[in-house]
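Worksheet: one structure, shown below.
The values are calculated or read from the model by the stated rules, or taken from the named source; none is laboratory data. All values reported here derive from a predicted model rather than from experimental measurement. No Cβ is skipped: glycine too gets one built from the backbone with ideal geometry, and neighbour counts run over all protein chains shown.
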Amino acid sequence: MQEIVQQLAALLVGAIPTALLFIILVIAYQILVQGPLSATLKERYARTGGAVEEANRAIALAEAKAAEYAEKLRLAKAEVYKMREQRIRQWNAERDAALDSARKAAGARVAEARTALDADADAARQTIQSSVVDLAAQVVRAVLPAAAGGAR
């Protein structure tokens with residue numbers, strides 16, 4: 001048993017330089033690698049986190065501008081629609097006025113034509129009335145000499 005303890009003591013004494021070297025290596029790793037790496041990661045996270053926040057602000061600003069542009073577009077479309085409706089009403093009023101004047105002009109022409117036709121008809125009646133006596137005389141002359149000549 002004492003021999004085992006001596007062997008263990010010899011192993012422990014032989015392992016001390018290896019353990020010290022391992023501890024020095026771990027400390028050197030912490031100082032040389034882990035510290036700068038952690039600092040770099042923190043800095044990178046801070047930069048990307050700031051960039052992400054800035055990107056989120058830019059997105060919010062872009063969405064606000066898009067909403068503003070959409071509202072302006074909607075207002076412009078409404079204005080164009082109002083102008084179009086006003087123009088259509090104006091055209092309809094002009095068309096109605098033109099139709100009324102055309103109807104009045106056509107009515108006046110019809111009235112003139114009726115007046116002229118009535119005047120022509122009256123003139124024709126007067127001509128017929130004035131020539132009735134002459135026509136009756138001609139008919140009597142034409143009929144009577146034939147009738148008178150047959151009776152003699």
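For segment 35-47, does any single residue satisfy the condition of being part of a helix (DSSP H, G or I) and either among the β-branched types (Val, Ile, Thr) or touching a Pro at 6+ places or on another chain (Cβ under 6 Å) (or both)? Break it down stepwise before answering.
At the first step, the residues of segment 35-47 found to be part of a helix (DSSP H, G or I) are 35-47.
With the extra rule that they be either among the β-branched types (Val, Ile, Thr) or touching a Pro at 6+ places or on another chain (Cβ under 6 Å) (or both), the set shrinks to 40.
So far as segment 35-47 goes, yes, one or more of its residues are part of a helix (DSSP H, G or I) and either among the β-branched types (Val, Ile, Thr) or touching a Pro at 6+ places or on another chain (Cβ under 6 Å) (or both).
Regarding residue 43, is this residue charged (D, E, K, R) and modelled with pLDDT of 95 or more?
No.
Report whether or not residue 36 is loosely packed, with under 10 Cβ neighbours inside 10 Å and out of contact with any strand residue (DSSP E or B) (no Cβ under 6 Å at 6 or more places or on another chain).
no
Can you confirm whether segment 108-129 contains a residue that is assigned to a helix (DSSP H, G or I) and loosely packed, with under 10 Cβ neighbours inside 10 Å?
Among the residues of segment 108-129, at least one is assigned to a helix (DSSP H, G or I) and loosely packed, with under 10 Cβ neighbours inside 10 Å, which makes the answer yes.
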